[in-house]
1. When residues of segment B:242-268 are filtered for being under 20 Å from residue B:13 (Cα atoms) and either under 12 Å from the mean Cα position of the chain (by Cα) or of a type in the set (A, V, I, L, M) (or both), how many remain?
2. Taking the condition of being touching a Cys at 6+ places or on another chain (Cβ under 8 Å) and over 13 Å from residue B:241 (Cβ atoms), how many residues in segment B:251-272 meet it?
3. Looking at (1) closer than 24 Å to residue B:198 by Cα; (2) in contact with a helix residue (DSSP H, G or I) (Cβ under 6 Å, 6 or more places away or on another chain); (3) surrounded by fewer than 17 Cβ atoms within 10 Å (Cβ to Cβ), which is the only condition residue A:111 fails?
4. Of all the residues that make up segment B:28-72, how many are at positive phi and surrounded by 22 or more Cβ atoms within 10 Å (Cβ to Cβ)?
5. Do you know which residues across segment A:170-203 are surrounded by 24 or more Cβ atoms within 10 Å (Cβ to Cβ), within 10 Å of another protein chain (Cβ to nearest Cβ), in a loop (DSSP other than H, G, I, E, B) and not aliphatic (A, V, I, L, M)?
6. Of all residues in segment B:219-241, which are of a type in the set (D, E, K, R) and over 10 Å from the mean Cα position of the chain (by Cα)?
7. Looking for something free of Cβ contacts under 8 Å to residues at least 12 places away in the same chain, within 30 Å of residue B:175 (Cβ to Cβ), more than 15 Å from the chain's Cα centre (by Cα) and within 14 Å of another protein chain (Cβ to nearest Cβ) - is there at least one such residue anywhere in segment A:142-162?
8. Criterion first (part of a loop (DSSP other than H, G, I, E, B) and more than 13 Å from chain A (Cβ to nearest Cβ)) does residue B:214 satisfy it?
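Every number in this text was worked out from the coordinates using simple rules, so none of it is lab data. Since the model is a prediction, treat every value here as computed from it, not as a measurement. Virtual Cβ from ideal backbone geometry, glycine too; neighbours counted across all protein chains shown.
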There are 2 protein chains.
Amino acid sequence: MAPKLGILAGSGELPLRLVDACRAIDRPVFVLALEGAANPADYAGIPHASVRLGAGAEGLRLLRENGVEELVMAGPVRRPTLAALRPDWRAAKMLARIGLRALGDDGFLSAIIKEFELEGFHVVGVHDLLGSLLAPEGPLGKIAPDTQAEADIERGLEVAHALGAVDVGQAVVVQQGIVLGLEAAEGTDALIERAGRLQGEGAGGVLVKAVKPGQERRADLPTVGVATVQACARAGLRGIAVEAGMALVIDRPAVATAADDAGLFVAGIKRS
Amino acid sequence: MAPKLGILAGSGELPLRLVDACRAIDRPVFVLALEGAANPADYAGIPHASVRLGAGAEGLRLLRENGVEELVMAGPVRRPTLAALRPDWRAAKMLARIGLRALGDDGFLSAIIKEFELEGFHVVGVHDLLGSLLAPEGPLGKIAPDTQAEADIERGLEVAHALGAVDVGQAVVVQQGIVLGLEAAEGTDALIERAGRLQGEGAGGVLVKAVKPGQERRADLPTVGVATVQACARAGLRGIAVEAGMALVIDRPAVATAADDAGLFVAGIKRS
């Protein structure tokens, strides 16, 4: 039997998918649900505990008491303000070393990963455990981007990489070359809804999600699921693009079906 | 008497301030109000006409018929989709030469400025006419940024310049190092409102507006007015920073008073 997997659970359905995948291969899990991101009720019946992000000592104790040696982070976690973090002595020790001010989301998660490694945990990425979730190249469903959409995707990737280089959000919506919206702390769903309202006449907008240049891939890879497709459909966007091999697609067949049903494309773009 | 000034009016109060300034020195004006950006009703009693952005031939004819030789663009104008632009033959000629797909807002406005120059107009910037509107260095009111705010301003400028390098919005809101929001097509007021709602515990966010690296300064310099201060106050932000000499402050004494009344800082930062 594989050793127990510790899952640091952020928001969204990805941590639950990991639990399912482990159950399918009889791998035991222990979920540490991060307060403010994960919903502990989702983990009823699964070995788990809730912990504040700032409660570093308690988090480490819970993982050790539950026999965790291998650890994965799954689901987005926003960097809190220092006041909201309320760091305990262990988290304060980490902050004293790395500082907090200059960190973006990825910098914050990378720092946490390094901290766990210093404590002797083996930290893996979701893609190491579930490589089949990585977005393939090309359209997932029956619809492919047309020439205008391809140009919008290219512009979206350019802007997303510029944003990522300063460690801000992963998502951009572009319509006919016009950048309708950029993701920061509001999250992708709010971005999609807003950008939908800002669309001008003609062919609709495209959601582009990209990893940050040099991003710690074990932390919060861009993720697309059925809910993302449905949100884009509601907003009147025409498609979703991610970088092939650099984003996670949760339940690929269901995403493809949802895209076909809504008349949207979901495409993996080869990273140039 | 100075020659007649043509004012290509976008949104906001800046074009009206130019009209006032010209009136004060008896300089005649002709306002070309851009549909979808300027409100023609604002120009009742002032020589003006309304024109669609895509009606290039009509715009040029109106300017010439009204004896305009010197021209200024004032107030933001968003790049429309091609479908919404509905270019006439003259605008289509320009688009055929420069393309539209890859243009951001500044690229679009720069292209229009170049086009007017090719047609023989002398295009000046608002700051050439009203240099006193340029933001000075230091706080405008009684309140100055504290250490945390200074760090947030620095982070905001870093992110704004990264965004500007790919010709997207000018404004960013940062709280305690966390980028709460980025401006794209929604405009600064919507950004301020959204970022206010996303604030975490502790010292509030700071609005940072910056020019794009290499921006055509005759097009849409970042602008701050009393309305900006009031919007930030409503949203619970703690201050506004612009680059000294690279942004316009409309009615500096009123902005300083509004900032003091609301307990906010408005500061011009020396560009490093």
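1. The total comes to 12.
2. Number of matching residues: 1.
3. Among (1) closer than 24 Å to residue B:198 by Cα; (2) in contact with a helix residue (DSSP H, G or I) (Cβ under 6 Å, 6 or more places away or on another chain); (3) surrounded by fewer than 17 Cβ atoms within 10 Å (Cβ to Cβ), residue A:111 violates only (3).
4. 0
5. Passing the criteria: A:176, A:183.
6. Passing the criteria: B:234, B:238.
7. The answer is yes, given that some residue of segment A:142-162 is free of Cβ contacts under 8 Å to residues at least 12 places away in the same chain, within 30 Å of residue B:175 (Cβ to Cβ), more than 15 Å from the chain's Cα centre (by Cα) and within 14 Å of another protein chain (Cβ to nearest Cβ).
8. yes
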